[in-house]
Every structure is written in C-alpha cells, then in structure tokens.
Amino acid sequence: MPTIRIQVQDFDLGAEVSALRSGNPGIGAIASFVGLVRDVNDGAGVATLTLEHYPGMTEKALAGIVGQARARWDVIDCTIIHRVGELRPTDQIVLVVVASAHRGDAFAACEFIMDYLKTEAPFWKKEQTPEGERWVESRETDAVAARRWKGPVR
Amino acid sequence: MLKLLLFASLRETLGTREESIAVPAPATVAGLVGQLRARGDAWANALDAGKRWRVAVNQEMASLESPLKAGDEVAIFPPVTGG
C-alpha cells in the first residue's frame, strides 16, 4: 500500500527508505526524489515560501497518480510526502520514494510521479520576497515534462 | 445547495474561502461560473475566459460542461504549483 502524507513537519529520507523496504526481500531497487526550497526564483530573493493545498482532493490526486504509475511500471511500493505551511530556503518540500524489483521501473515511476504531481496535485506556492508577496505562476516547462509521458511507453 | 471552495490567488482576490450557493441554472460548471461572473467586476475579472483557472467537482478535475447537483463540492483554483 502506498504511503501518502501531507504534513507540516519535516521528513527524513533515510527513515522513509528504511520503512519502505523493511521486510520485503523482493525489492531490488529504490529511487527517490527530494524537492527543496531555493533562495532565488524568477530573479527575486525568496525569504519564505507558503504552501497551500486542497485537503481531500490532494490525497485523491496523489493516489490516482500512484495508480497510473503502477499500471505502467513494476512498482512494489512507494511513499509520497508533501509539506504544507511556511517553508524557508534549503527546507525540504516533497519526497517521492519508489521501490521496485529493478532500477528502470524505479527511476521511471519516480520521475513520472513527480512530473504528474507538479501539474495535477492541488498545491499552490506563495513566495515572500523583498518586493512583497507573490503567487508562483505555473510553468509551461512543467506541463511539457508531464506531457512527454503520454507518448509511447519508454 | 452546492459547496463552493476557492483556493490560492482566487481565494485572496475574491475574499472568499468557502460558501454555500444555490444550484445554478443551467446546472453545469458553466452555469455556475456565469452566475459568479454576474456578481460584479472582481468576479467577472477573476473568472475571465482568458484567465487560467481550473474547476474540480467533488475533488475530481472537471470542465465547463460538467453537470452539477445539490450537495456537490465545487472548487475553483489557479493552475497548481506544488512540488
């Protein structure tokens, strides 16, 4: 069963990987992704970042993305953690860990989950910069990254 | 009645997080958006056809043609920017 958590508190990559692989000798590969808060975005310094989400829909959307990943690749189990609330540069925002029998499936499913999370899961970022607050605009490059998975299976 | 939810910049611009609203006629997302636009310039501008906003009905992405019924949860929000 995939683990999906939306939380204010930080997470520990090592602890999450240990929990995911615990007691499953069929797992031969684990791929992980950690997203971090940068100190500069679109040319402005970022003092803090506030993450808002749509409780209920967020969990459903993430579960749906995991379901799509499982339909395409051999995913034994996975963990997605996304933080909400106020974050600062260098803070961890998001974690995706995918366990599989082989590395190809683990790498591909991890990247797919992140690309779909960026374009389909209802989270919104607001930056506090020296020039004031601003809502982060969605990027065309993220839409392009998600669309490339719609082609033939790699 | 429907439950209307607004998020992120739309929530701030329109000063509303959640409200109960009568099922519109026609009972579709387009009918609801038309009714909201008629509230005044702030709503008409925020929900302008040329602006980028999304609608979810009962926590699933929806389109302007999606039907609505009493008890539905309708959310309107800008394109997502998580991760």
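Here is how the numbers come out for the structure above:
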read-out	value
Some residue of region A:63-81 being within 30 Å of A:Glu133 (Cα to Cα) and aromatic (Phe, Trp, Tyr)	no
Candidate set: region B:1-25, residues that are surrounded by fewer than 18 Cβ atoms within 10 Å (Cβ to Cβ), more than 12 Å from the chain's Cα centre (by Cα) and within 11 Å of another protein chain (Cβ to nearest Cβ); chosen: the one nearest to B:Ala42 (Cα to Cα)	B:Thr13
Residue tally, condition hydrophobic (A, V, I, L, M, F, W, C), assigned to a strand (DSSP E or B) and either in contact with a Lys or Arg (Cβ under 9 Å, 6 or more places away or on another chain) or under 23 Å from A:Trp124 (Cα atoms) (or both), over region A:62-101	10
Matching residues, region A:102-129, being facing another protein chain (nearest Cβ under 7 Å), crowded, with 24+ Cβ neighbours inside 10 Å and part of a helix (DSSP H, G or I)	A:Leu117
Test: residue in region B:44-61 that is of a type in the set (D, E, K, R), within 14 Å of another protein chain (Cβ to nearest Cβ), assigned to a loop (DSSP other than H, G, I, E, B) and in contact with a Lys or Arg (Cβ under 6 Å, 6 or more places away or on another chain)	no
Any hit, region A:36-44, residues being at pLDDT 95 or above, within 21 Å of B:Pro79 (Cα to Cα) and part of a strand (DSSP E or B)	yes
Single residue of region A:31-41 satisfying the filter (without any contact (Cβ under 8 Å) to a residue 60 or more places away in the chain and either surrounded by fewer than 16 Cβ atoms within 10 Å (Cβ to Cβ) or on the phi > 0 side of the Ramachandran plot (or both)) that is nearest to the other protein chains (Cβ to nearest Cβ)	A:Leu36
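Conditions (1) aromatic (Phe, Trp, Tyr); (2) closer than 19 Å to A:Tyr116 by Cβ; (3) surrounded by 15 or more Cβ atoms within 10 Å (Cβ to Cβ), marked per residue:
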position	(1), (2), (3)
A:Leu20	no, no, yes
A:Gly23	no, no, no
A:Ala29	no, no, yes
A:Val46	no, no, yes
A:Thr58	no, yes, yes
A:Ala71	no, yes, no
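The values are calculated or read from the model by the stated rules, or taken from the named source; none is laboratory data. Since we're looking at a predicted model, the values are computed, not measured. Neighbour counts run over all protein chains shown; Cβ positions are idealised from the backbone, glycine included.
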